[in-house]
1. For residues that are outside any loop (DSSP other than H, G, I, E, B), closer than 17 Å to residue A:2 by Cβ and away from ligand 2 (no atom under 16 Å from the Cβ), tally how many sit in region A:161-176.
2. Those residues that are within 7 Å of another protein chain (Cβ to nearest Cβ) and touching a residue at least 60 places away in the same chain (Cβ under 8 Å), I need them from region B:171-193; list them, please.
3. If residue B:231 satisfies all but one of (1) within 14 Å of another protein chain (Cβ to nearest Cβ); (2) under 23 Å from the mean Cα position of the chain (by Cα), what's the number of the condition it fails?
4. With the checklist (1) touching a residue at least 24 places away in the same chain (Cβ under 8 Å); (2) touching a helix residue (DSSP H, G or I) at 6+ places or on another chain (Cβ under 9 Å) in hand, flag the one item residue A:73 doesn't pass.
5. Keeping to region B:231-253, report how many residues are at positive phi and at pLDDT 90 or above.
6. Kindly provide the set of residues from region A:37-58 that are surrounded by fewer than 16 Cβ atoms within 10 Å (Cβ to Cβ), within 11 Å of ligand 2 (Cβ to nearest atom) and at negative phi, ordered by number.
7. I'd like to check something: does region B:101-119 contain any residue that is in contact (Cβ under 8 Å) with a residue 12 or more places away in the chain, part of a helix (DSSP H, G or I), out of contact with any strand residue (DSSP E or B) (no Cβ under 8 Å at 6 or more places or on another chain) and loosely packed, with under 15 Cβ neighbours inside 10 Å?
8. Residue B:57 - would you say it is more than 30 Å from residue B:173 (Cβ to Cβ), in contact with a helix residue (DSSP H, G or I) (Cβ under 9 Å, 6 or more places away or on another chain) and assigned to a helix (DSSP H, G or I)?
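The values are calculated or read from the model by the stated rules, or taken from the named source; none is laboratory data. Everything numeric in this text was worked out from a predicted model, so none of it was measured. For neighbour counting, all protein chains shown are included, and Cβ atoms are generated from backbone atoms with ideal geometry for every residue, glycine included.
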Ligand SMILES: Nc1ncnc2c1ncn2[C@@H]1O[C@H](COP(=O)(O)OP(=O)(O)OP(=O)(O)O)[C@@H](O)[C@H]1O
Ligand SMILES: [Mg+2]
């Protein structure tokens with residue numbers, strides 16, 4: 001198993017972002033997390049990526065307890081996270097943002113020299129080639145379009161080469177055609193390199209088209225966890241239903 | 001429900017008639033008024049003959065000294081002042097940057113070691129800049145004699161204190177999210193400094209350094225009054241002999257130096273942002 005969540009919950013002060021929830025993701029699986037705003041998608045992805053620690057319960061990444069994996073090289077080899085806000089350094093050229101994925105493997109001197117004369121440039125080139133913006137190598141990241149920056153962030157993950165990729169709303173800021181392109185790219189990479197992929201999305205159509213399994217979150221609880229083909233319109237309607245009573249009825253029925 | 005939601009009345013901050021800031025304003029205003037009252041207003045405010053001196057000084061502005069030998073002297077003095085400023089700033093950056101990095105707490109991981117490193121370097125920076133460059137100059141002239149090294153150190157140390165203090169603030173204030181992302185890809189704090197903090201702070205670091213460079217030219221001119229040569233020294237000689245024309249030429253040189261630094265700074269920043 002790539003990820004195992006065992007009765008994991010997360011609260012920020014008095015706000016419960018995630019109620020106790022258990023989930024297992026196999027190696028090589030592609031999983032989409034869907035749900036309305038504030039459902040807890042980012043929170044769930046941050047737990048999988050080792051970005052935050054759970055308030056209760058246990059997170060296991062590749063068989064290792066998350067508590068034993070502080071941010072650093074070991075965690076970086078297991079999971080790479082693409083945040084909703086990308087978190088690139090806008091002042092650096094694209095090539096340096098891409099090669100930042102190698103910092104865990106580099107000594108300090110090498111990282112310093114690389115800022116002047118980029119090291120392992122062939123890795124950066126190959127990654128940028130794969131995401132389709134090879135010509136932007138030396139462009140300042142701040143000057144790239146939102147979609148191009150998304151690709152730079154993805155190229156950084158390719159260079160980091162973790163066993164699993166966790167992507168928070170990777171297509172939120174893209175037009176529909178580019179969103180499909182990027183998902184194709186992302187799932188293609190996962191398939192070709194045998195990487196596990198967990199991504200949150202707002203579009204159920206895209207989730208069904210590109211992912212094998214879909215998890216629905218609603219107000220911090222697991223609404224459904226099904227193979228993509230088994231997700232029906234009824235599931236979707238219930239997930240996005242604005243009427244809060246539907247939720248209470250559902251929990252009452254489950255008892 | 002109405003949209004947009006109406007703001008609750010309690011949300012609008014109400015100003016209390018006399019809060020801490022109000023008291024401070026009153027105090028400062030009072031001090032200013034009092035200081036005006038202590039000036040002996042009257043015919044003796046400008047000393048006798050002062051009006052004539054001012055008139056001569058202003059008249060000399062129209063005919064600055066432009067004879068080739070004096071221009072050569074002014075050029076040499078400008079060169080010397082600029083050289084002191086450059087050397088002083090080099091010392092200031094060489095000392096201020098490492099101290100600023102440590103003082104920003106960017107390199108320490110543990111809370112305790114961070115606190116120790118930050119407190120120690122902040123204290124050192126405060127000591128460096130608490131002492132004015134003129135006082136440093138007296139100290140170094142007493143220790144080293146009238147050597148250029150005395151001027152350079154006198155300029156470099158207090159400026160290192162100011163630069164380090166500002167650098168620490170700028171390096172500590174950059175957006176955190178990209179730094180977290182770098183740590184998530186396995187970067188050490190040193191690497192986070194190189195790939196996250198420095199690049200994000202660089203435009204501000206450069207702007208501020210150039211601004212201090214302008215100040216350093218001013219300070220270098222003043223320092224030369226101590227007897228170290230340069231524009232300030234020549235101005236003093238010109239004033240002593242009432243050669244106001246020379247004074248204006250020297251002032252023009254000083255302004256030209258500052259403008260040159262300003263232009264250079266603009267050029268560097270333009271290239272950085274492009
Ligand atoms: N750092 C935080 N501090 C306090 N509350 C938080 C924090 N992060 C998230 N929350 C709360 O937890 C809940 C879930 O947030 P989360 O960001 O996981 O939702 P999301 O499904 O990703 O939403 P979106 O689709 O808008 O990105 C929300 O109610 C949010 O306000
Ligand atoms: Mg989110």
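1. 2
2. Once the filter is applied, which keeps residues that are within 7 Å of another protein chain (Cβ to nearest Cβ) and touching a residue at least 60 places away in the same chain (Cβ under 8 Å), region B:171-193 yields only B:190.
3. So residue B:231 meets the others, but not (1).
4. It is condition (2) that residue A:73 fails.
5. As a first pass, look at region B:231-253 and keep what is at positive phi: B:242.
With at pLDDT 90 or above added as a condition, the list becomes none.
Residues flagged as at positive phi and at pLDDT 90 or above within region B:231-253 amount to 0.
6. Residues of region A:37-58 that are surrounded by fewer than 16 Cβ atoms within 10 Å (Cβ to Cβ), as a first pass: A:37-38, A:53, A:55-56, A:58.
Still in the running and within 11 Å of ligand 2 (Cβ to nearest atom): A:37-38.
Within region A:37-58, A:37 is the sole residue that qualifies.
7. no
8. Numbers: more than 30 Å from residue B:173 (Cβ to Cβ): yes; in contact with a helix residue (DSSP H, G or I) (Cβ under 9 Å, 6 or more places away or on another chain): yes; assigned to a helix (DSSP H, G or I): yes.
Yes; evaluated as a whole, the condition is true for this residue.
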